[in-house]
1. Using a simple spin-label model with points 7 Å from Cα along the Cα→Cβ vector, what separation in nm is obtained for Phe41 and Leu115?
2. For the chain, take the longest principal axis of its alpha carbons; what is the angle in degrees between that and the long axis of helix 44-57, to the nearest 10 within 0 to 90?
3. Stick to the Cα atoms of the chain, pair each with every other, and give me the Kirkwood hydrodynamic radius in Å at one decimal.
4. For helix 91-102, report the angle its Cα long axis makes with the longest principal axis of the Cα atoms of the chain; keep it between 0 and 90° and round to the nearest 10°.
5. For the chain, what is the mean residue ellipticity at 222 nm derived from helices alone (per DSSP H run of n ≥ 4: -39500 (n - 2.57); sum divided by total residues; nearest 500 deg cm²/dmol)?
6. Order of 107-115, 57-65, 90-98 by packing, highest average Cβ count within 10 Å first?
7. Under 12 Å between C-alpha atoms is the cut-off here; go through the chain and count lysine pairs that meet it, provided they're at least eight residues apart or on different chains.
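Just so you know, all these numbers are worked out from the coordinates, no wet-lab data involved. Everything numeric here is computed off the predicted structure, so don't read it as measured data. We place every Cβ from the backbone using ideal geometry, glycine too, and count neighbours over all the protein chains shown.
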Amino acid sequence: MEEQITQPEGISTKAGLGDRFLGVLIDWLVCMVFYYVLDMFIGWGISYGIGAIYFLVRDALPFLDGQSIGKKVMKTRAVKEDSGAPLTNDYATSLIRNIPAVIPVVSLVDAIFILLGDERKRLGDKIGKTIVVKE
């Protein structure tokens, strides 16, 4: 179910759970590709690091217009909840909102927040003061 919100840049609908789940699944697959392909050429530590860095700052990458690959495919975007501004080049906010998703026990709590919370927001969205919207 999509909840209507008002955003200054003409974005009016929160992304649904299905779109968000598929977007993050695509991003995990991208990380795995980084890991396995780069591991063949440069070794485990560096390839793992590149995948982890992508996952943590994926919502701020300017060459992707502030969307992760998964969000581009699903036509969603993480924006600041107070202004509706995209996270392009805002590495700090991207990092803050994505750290809970990579810590094993915290990622479970993160999932519970989105499934059971009143606002249907991940813990990372609450901490980073962001929302994910449909474009």
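1. Using points 7 Å along Cα→Cβ, the separation is 3.9 nm.
2. Approximately 10 degrees, to the nearest 10.
3. Details: mean 1/r = 0.0666 Å⁻¹.
Hydrodynamic radius (Kirkwood, Cα pairs) of the chain is 15.0 Å.
4. With rounding to tens, the tilt is 80 degrees.
5. On the way: 6 runs with 77 residues, N = 135.
Dividing the helical sum by the residues of the chain leaves -18000 deg cm²/dmol.
6. Numbers: 107-115: 15.2, 57-65: 16.8, 90-98: 19.3.
So the order, starting with the most tightly packed, is 90-98, 57-65, 107-115.
7. Lysine pairs, 8 or more places apart or on different chains, close enough: 9.
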